Amino acid sequence: MFAEKGYGTTSVADILKAAGVHSGSLYHLFPTKQALLLAVLDEYLEGIGPMLLEPAWAGVDDPVERVFALLAIYRHFLVETDFFFGCPIGSVALELHEPDPPVREKLAANFTAWKDAVAACLTEAESRLPGSVDASRLATFVLTTMEGAVVQARTYRSVEAFDASIECLRDYFERLQIPTALRRASRPHEQSARRSPHKPTNARKGRQQPR
């Protein structure tokens, strides 16, 4: 519900109606609306594997393609919900204007878990990337691209901006991998040259070899 209506505009009455419980039962478990939000963020954090990563990565072996399979899940969410649902963590983060350290800490933990999962894919693909690439920083860039693409898609009610953002990101990944691919392609020639050195020839033809 927080993702649908926003944390600020969701009232306790809305929560009670959606949950079908009395206020006493709700307040017994969650004394404040903030306590409920913290519990929801904990649930998202604990469920990032089974609820998000595992479905996105099912049958995808290539580590770089797993990154883009994860991004494709968000596109699916947008299209299936008529651009109503994007990234719930990002939505709550954008909505917070007043200092709320406990909530911000949980939001940061969710972002970190997401980035760590992407960074693990990039580390697995490190042989295809330049040695100067920092997997953690690149994962942050991927998250930033996704969040910006989701916000624009929801604003324009179209996947055009989302698709353009992801296409540019893929192009960037392909450019990162080109130098490494070229280096790997040149190695067989280098090895062949080392195995077959040129034989020295005498400066004067017909010169008698010493006995």
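The values are calculated or read from the model by the stated rules, or taken from the named source; none is laboratory data. Computed from a predicted model, the values in this text were never measured in an experiment. Methodologically, a virtual Cβ is constructed for each residue, glycine included, from the backbone with ideal geometry; neighbour enumeration extends over all protein chains shown.
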Exercise. Failed condition for Val151, given (1) closer than 30 Å to Pro179 by Cβ; (2) assigned to a helix (DSSP H, G or I), with all others met?
Worked result: (1)
Exercise. For region 91-111, what are the residues that are part of a helix (DSSP H, G or I) and among the aliphatic types (A, V, I, L, M)?
Worked result: Val92, Ala93, Leu94, Val103, Leu107, Ala108, Ala109
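Is it true that Arg187 is farther than 27 Å from Asp82 by Cα, more than 23 Å from the chain's Cα centre (by Cα), assigned to a helix (DSSP H, G or I) and modelled with pLDDT under 95?
Working: farther than 27 Å from Asp82 by Cα: yes; more than 23 Å from the chain's Cα centre (by Cα): yes; assigned to a helix (DSSP H, G or I): yes; modelled with pLDDT under 95: yes.
When the stated conditions are applied, Arg187 passes them.
On the basis of being touching a helix residue (DSSP H, G or I) at 6+ places or on another chain (Cβ under 8 Å) and not in a helix (DSSP H, G or I), does Val64 make the cut? Show your work before the answer.
Values: touching a helix residue (DSSP H, G or I) at 6+ places or on another chain (Cβ under 8 Å): yes; not in a helix (DSSP H, G or I): no.
Considered against the rule, which asks whether it is touching a helix residue (DSSP H, G or I) at 6+ places or on another chain (Cβ under 8 Å) and not in a helix (DSSP H, G or I), Val64 comes out as no.
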Seminar exercise, completed: Val92: passes all of (1) free of Cβ contacts under 8 Å to residues at least 60 places away in the same chain; (2) surrounded by 15 or more Cβ atoms within 10 Å (Cβ to Cβ) but (1)
Seminar exercise, completed: Residue pairs qualifying under the 8 Å Cβ cut-off, at least six apart or on distinct chains, with the first in region 63-88 being surrounded by fewer than 16 Cβ atoms within 10 Å (Cβ to Cβ) and the second being among the basic types (Lys, Arg), are Asp82/Arg157; Phe84/Arg154
For this session: Among the numbered conditions (1) in a loop (DSSP other than H, G, I, E, B); (2) modelled with pLDDT under 95; (3) exposed (fewer than 14 other Cβ atoms within 10 Å of the Cβ), tell me where Tyr7 comes up short.
Result: (3)
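For region 112-161, enumerate the residues that are over 12 Å from the mean Cα position of the chain (by Cα) and of a type in the set (Phe, Trp, Tyr). Step through it out loud before you land on a result.
To start, the set of residues in region 112-161 that are over 12 Å from the mean Cα position of the chain (by Cα) comprises 123-134, 148-161.
Tyr156, the sole residue that qualifies.
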For this session: Kindly indicate whether Gly59 is in a loop (DSSP other than H, G, I, E, B), among the small types (Gly, Ala, Ser) and at pLDDT 95 or above.
Result: yes
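Of everything in region 95-130, what is of a type in the set (Lys, Arg) and touching a residue at least 12 places away in the same chain (Cβ under 8 Å)? Give them in sequence order.
Our first condition is that a residue be of a type in the set (Lys, Arg); within region 95-130, this holds for 104, 106, 115, 128.
Lys106, Lys115, Arg128 - these are the residues of region 95-130 that are of a type in the set (Lys, Arg) and touching a residue at least 12 places away in the same chain (Cβ under 8 Å).
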Seminar exercise, completed: Scanning region 95-110 for residues that are under 18 Å from the mean Cα position of the chain (by Cα) and either surrounded by fewer than 18 Cβ atoms within 10 Å (Cβ to Cβ) or farther than 19 Å from Met51 by Cα (or both) gives Ala108, Ala109
Exercise. Given the conditions (1) farther than 16 Å from Val92 by Cβ; (2) at pLDDT below 95; (3) in a helix (DSSP H, G or I), which single one is not true for Ala69?
Worked result: (2)
For this session: Starting from residues that are touching a residue at least 60 places away in the same chain (Cβ under 8 Å) and acidic (Asp, Glu), keep the ones in region 131-180 and report whichever is surrounded by the most Cβ atoms within 10 Å (Cβ to Cβ).
Result: Glu147
